[in-house]
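Here's the structure, in structure tokens; my notes come after.
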Amino acid sequence: KQEVTQIPAALSVPEGENLVLNCSFTDSAIYNLQWFRQDPGKGLTSLLLIQSSQREQTSGRLNASLDKSSGRSTLYIAASQPGDSATYLCAVGGTDSWGKFQFGAGTQVVVTP
Amino acid sequence: DGGITQSPKYLFRKEGQNVTLSCEQNLNHDAMYWYRQDPGQGLRLIYYSQIVNDFQKGDIAEGYSVSREKKESFPLTVTSAQKNPTAFYLCASSIRGKEAGSYNEQFFGPGTRLTVL
């Protein structure tokens with residue numbers, strides 16, 4: 001069974017620093033990997049989707065990389081702002097017949113002014 | 001606006017009561033999902049459906065039931081058999097990918113917070 005891990009569970013950085021968030025998975029046979037942001041008491045907002053054939057995806061200050069062979073994805077957020085404070089989750093899309101997604105527990109980020 | 005709506009936002013259940021959470025999408029997505037989120041934990045899959053009139057149990061289906069009578073609707077019933085239902089419930093949808101059994105980007109609704117009184 002696919003297991004997805006996000007370390008650290010919590011992270012605090014001063015404003016302006018770059019954020020590096022990690023996601024690891026145990027089964028490299030994935031279809032895609034998606035990064036989400038969740039604000040307290042809210043639903044998940046999709047940030048980036050990386051297909052298994054891609055190495056990275058970029059959107060504004062966000063860049064996500066994917067290394068299937070090592071079972072890792074990294075989300076980089078450049079020049080962090082207090083508004084980036086949230087919980088960030090990754091989800092791995094499987095290649096089994098049902099195409100289920102497995103989620104990590106998330107990394108809670110606080111950006112201090 | 002295209003998206004996923006969930007209602008109600010807050011729901012309170014008494015002991016022994018069944019309650020139903022609504023999820024509607026107008027994205028014309030094939031697949032729909034129900035997840036449960038507990039504090040400090042990741043999302044756990046309750047049920048999912050790939051097509052109308054078909055659905056599959058996820059990792060924690062006991063005490064829950066669903067129906068998929070229309071493509072755009074996937075209601076979740078929390079039955080009295082679910083002993084610890086207090087949690088945040090999230091509905092999501094996704095469109096089928098190019099490869100068999102694969103699904104593309106998931107989109108989520110705003111969630112329903114269920115509390116047992």
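The values are calculated or read from the model by the stated rules, or taken from the named source; none is laboratory data. As the structure is a prediction and not an experimental result, all values here were calculated from the model. Note: ideal-geometry Cβ built from the backbone for every residue, glycine included; neighbour counts use all protein chains shown. Ligands, DNA and RNA are excluded from the accessible area calculation, which covers all protein heavy atoms including side chains. Shrake-Rupley method; radii C 1.70, N 1.55, O 1.52, S 1.80 Å.
Evaluate the range A:12-23: report whether one residue or more is facing chain B (nearest Cβ under 9 Å) and either of a type in the set (D, E, K, R) or in contact (Cβ under 8 Å) with a residue 12 or more places away in the chain (or both).
So far as the range A:12-23 goes, no, none of its residues is facing chain B (nearest Cβ under 9 Å) and either of a type in the set (D, E, K, R) or in contact (Cβ under 8 Å) with a residue 12 or more places away in the chain (or both).
Return the pair list, or none, for Cβ contacts closer than 6 Å from residues in the range B:84-105 that are over 16 Å from A:PHE101 (Cβ atoms) to residues that are acidic (Asp, Glu) and assigned to a loop (DSSP other than H, G, I, E, B), at least 6 apart or on different chains.
Going by the 6 Å Cβ cut-off, the qualifying pairs are B:ALA87/B:ASP38.
Before we move on, is B:TYR48 in a strand (DSSP E or B), of a type in the set (Ser, Thr, Tyr) and more than 16 Å from B:PHE88 (Cβ to Cβ)?
Spelling it out, B:TYR48 is indeed in a strand (DSSP E or B), of a type in the set (Ser, Thr, Tyr) and more than 16 Å from B:PHE88 (Cβ to Cβ).
With the structure loaded, tell me whether A:LEU66 is under 15 Å from the mean Cα position of the chain (by Cα), open to solvent by less than 60 Å² (accessible area, probe 1.4 Å) and over 16 Å from A:VAL92 (Cβ atoms) or whether it fails that test.
no
Just wondering, is there one or more residues in the range B:57-77 that are within 15 Å of the chain's Cα centre (by Cα), free of Cβ contacts under 8 Å to residues at least 12 places away in the same chain and closer than 23 Å to A:THR95 by Cα?
yes
Considering only residues that are away from chain A (no Cβ under 14 Å) and under 15 Å from the mean Cα position of the chain (by Cα), look in the range B:83-96 and name the one that is most open to solvent (accessible area, probe 1.4 Å).
The residue in question is B:THR86.
Select from the range B:19-38 the residues that are open to solvent by 60 Å² or more (accessible area, probe 1.4 Å) and either modelled with pLDDT of 95 or more or touching a helix residue (DSSP H, G or I) at 6+ places or on another chain (Cβ under 6 Å) (or both) and list them in ascending order.
Scanning the range B:19-38 gives B:THR20, B:GLU24, B:ASN26.
Considering (1) within 13 Å of A:CYS90 (Cα to Cα); (2) open to solvent by 30 Å² or more (accessible area, probe 1.4 Å), say which one A:ARG61 fails and leave the rest.
Failed condition: (1).
Working carefully through the options A:SER53, A:SER80, find the one that is in a loop (DSSP other than H, G, I, E, B), of a type in the set (Ser, Thr, Tyr) and either free of Cβ contacts under 8 Å to residues at least 24 places away in the same chain or facing chain B (nearest Cβ under 10 Å) (or both).
Every option except A:SER53 fails the conditions.
Going by what's in this entry, would B:LEU114 be described as away from chain A (no Cβ under 11 Å), within 14 Å of B:PRO8 (Cα to Cα), touching a Pro at 6+ places or on another chain (Cβ under 9 Å) and open to solvent by less than 20 Å² (accessible area, probe 1.4 Å)?
Working: away from chain A (no Cβ under 11 Å): yes; within 14 Å of B:PRO8 (Cα to Cα): yes; touching a Pro at 6+ places or on another chain (Cβ under 9 Å): yes; open to solvent by less than 20 Å² (accessible area, probe 1.4 Å): yes.
Criteria met by B:LEU114.
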